[in-house]
Structures are given as C-alpha cells and as structure tokens.
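A quick write-up on the structure given underneath.
Derivation of every value follows stated rules applied to the coordinates shown; laboratory data play no part. This structure is a prediction, so every number in the text was calculated from the model and none was measured. Reconstructed Cβ throughout: ideal geometry from the backbone, glycine too, with neighbour counts over all protein chains shown.
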Ligand code: PDD
C-alpha cells in the first residue's frame with residue numbers, strides 16, 4: 001500500500017483524510033506539481049519548487065513549508081514508497097473553511113503528496129511509436145500559467161481525443177495551438193523548432209525550459225511564437241514535452257501523418273539529450 005503525505009504526517013493511503021470543506025475540493029482552489037523520479041532521484045526539483053512558489057504567489061496563497069522541507073518530503077516519499085521510476089504528485093490547497101466565495105483570511109493550507117510508480121518511465125514504447133493527436137478548441141480559463149487543479153477541460157479533451165482514436169489533444173485558440181492537454185506542443189518547420197512563447201495562455205513547462213536550453217546549446221534553431229493548425233499539419237516533425245513524458249514525438253495530427261509518420265530526428269535527439277542531462281542533474 002502506498003504511503004501518502006498530508007499536512008506533515010505520513011499515512012497508509014486508505015487512512016489519509018482531507019476535509020469535505022477543503023477549498024481544493026469545493027472550488028479547485030489549489031495548485032499542484034508533478035515531478036518525475038528516475039533511478040530514485042528527482043528530475044528538475046528546483047524548477048518545480050520555483051513554479052510552485054510562483055503559482056501560490058499569483059493566487060495569494062501561503063507557501064505552507066520551506067523549499068528545503070518540500071525537498072525532504074519528496075525524498076521521504078520516494079524512499080517510503082520505494083520508487084525507482086515514477087512520479088511525485090504534490091498539491092497545496094487554500095485549506096478547509098466554511099463554504100464562501102470570498103478568500104478566507106485564516107485558512108491553513110492543506111498539503112498532500114502521493115507517488116505513482118512507473119517502472120521503465122524513460123523507456124516507454126510510445127516514445128518509439130509516437131503519439132496521435134487531434135485538435136480541439138481550448139476552452140480553459142485565461143490563467144493557464146498558474147498550475148491549478150482545475151483540470152476538468154483538459155480531462156474532457158483527452159477523453160474526447162481517445163474517443164476519436166487518438167492519444168491526446170492539442171488545444172486551439174484563434175486558429176493557433178496553445179498546448180497539449182497536459183504538455184507543451186512543438187513543431188519543426190524548415191529545421192526550426194517552433195513553440196508558443198510564454199504568456200498567460202500556456203503553462204510554463206519546466207521540461208520546456210530545459211529542452212529549449214538544450215536545443216540552443218546543440219545549435220538547433222528555436223522560434224517562440226504561436227503556430228497555426230495548418231502549420232502543424234504540414235510540419236516536418238511535431239512533439240510534446242512534460243515532466244511525465246519528457247520529450248514525446250507526435251506522428252499524427254487530425255488523422256494525417258506528420259512528415260513521414262515516424263518519430264522525427266529532432267524529437268529523438270532532444271529526448272536523448274534531455275534524459276541524459278536531467279539524469280546527471282537529478283537529486
Ligand atoms: N502536466 N502544459 C500543461 C497544461 C500541463 O498540465 C503540463 C504538465 C505541461 C508541461 O509542464 P512540465 O514540463 O512542467 O511538466 C504543459 C503534468 C505533467 C500533469 O498534469 O500531470
């Protein structure tokens with residue numbers, strides 16, 4: 001049985017409890033992070049800790065514990081759950097108070113962590129075959145740069161993508177791709193990697209930042225700008241990045257092959273570099 005962390009204590013998962021009045025449950029008034037674990041070590045923990053602090057600050061929520069404490073809780077979770085490869089999920093909510101739309105003054109934040117074991121996470125077969133995506137309208141709220149737990153629309157979109165026989169959806173606003181349901185989206189055109197610039201329309205992916213830095217170091221050309229669905233459909237390559245998928249090739253968009261319909265060389269190379277470098281830097 002998994003061991004779950006709730007507000008400073010460790011419980012077997014069937015004994016962990018959060019209040020019915022928790023604002024995370026009633027209002028999605030909560031933020032989260034997902035950090036991957038490879039060989040028992042955390043990938044890019046400082047990036048995730050920094051984004052957590054930013055998400056909390058944007059919502060005027062308190063950081064319940066220090067960054068060092070968050071790190072030691074993550075490590076404790078990896079050890080107690082014997083995770084070699086997998087994920088650590090962390091959520092901070094504004095806390096439990098009587099239901100009211102107004103932000104409470106005196107709520108104590110709730111912090112919850114659990115792990116998901118994913119043996120062979122870095123070796124997933126999907127990385128060799130690539131993903132099929134369909135485009136769907138982006139109907140999320142306007143502050144997607146804050147990593148809130150309001151995941152209903154991404155969840156609907158992923159389910160709709162599966163119904164259509166695809167693996168995931170790319171979300172589209174004003175004719176331009178924003179991002180995937182739970183990943184950042186990229187295409188390669190004329191040898192240049194194109195991905196949407198940072199702003200309130202997308203999550204500032206921790207993997208995105210690392211991958212773009214590695215791409216530039218490897219002398220690959222990068223353009224940060226919105227791209228259209230038409231550009232994506234006629235791209236040489238496409239791929240996504242996230243903490244749980246690393247760099248994952250996209251081989252089909254709306255039922256049509258991207259390039260020759262196989263994972264492309266840029267995505268494959270970036271996946272290799274990303275995995276190699278982040279394993280070296282893991283803590
Ligand atoms: N999702 N965009 C969205 C909307 C996301 O939910 C995520 C992450 C990303 C990629 O960010 P990062 O590289 O920091 O993981 C982009 C996580 C993995 C999830 O919800 O499971």
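The shape of the chain can be summarised by an equivalent ellipsoid whose semi-axes, obtained from the alpha carbon gyration tensor, come to 32, 22, 17 Å from longest to shortest.
Segment residue 71..residue 139, full-extension length gain: 21.1 nm, with 0.36 nm per residue of separation and the alpha-carbon distance subtracted.
Let me make sure I get this right: for the range 126-281, a, b and c are the square roots of the gyration tensor eigenvalues over alpha carbons, sorted descending. Under 1.5 in a/c it's rounded, otherwise prolate if a/b > b/c, else oblate. Which is it? Rounded, since a/c falls under 1.5.
If R0 is taken as 22 Å, the Cβ-Cβ distance between residue 98 and residue 17 corresponds to a FRET efficiency of 0.75.
On the basis of the beta-carbon distance and an R0 of 35 Å, residue 26 and residue 283 show a calculated FRET efficiency of 0.50.
Between 181, 228, 115, the Gaussian network model of the chain with springs among Cα atoms under 10 angstrom shows the greatest mean-square fluctuation at 228. Over the range 137-183, what is the mean sequence separation of C-alpha contacts under 8 Å (at least six apart), divided by residue count, expressed as relative contact order in percent? Relative contact order, the range 137-183: 34 percent.
In terms of its C-alpha gyration tensor, the range 134-191 comes out oblate, because a/c is 1.5 or above while a/b does not outweigh b/c.
For 162, 118, 280, 132, the sequence from fewest to most other C-beta atoms within 10 Å is 280, 162, 118, 132. Residues of the range 27-50 with an amide N closer than 12 Å to a point placed 7 Å from the Cα of residue 124 along the Cα-to-Cβ direction: 36. Who wins for biggest fluctuation among 123, 39, 85 in a Gaussian network model of the chain, springs between alpha carbons below 10 Å? It is 123. Among 61-72, 20-31, sorting by the average number of other beta carbon atoms lying within 10 angstrom of each residue, highest first, gives 20-31, 61-72.
Think of it as helices only: each DSSP H run of n ≥ 4 in the chain is worth -39500 (n - 2.57), and spread over all residues that comes to -8500 deg cm²/dmol at 222 nm. Note: relative contact order over the chain, using C-alpha pairs below 8 Å and six or more positions apart, is 19 percent. Maximal additional length on extending the residue 85-residue 231 stretch stands at 49.0 nm, based on 0.36 nm per residue less the C-alpha distance.
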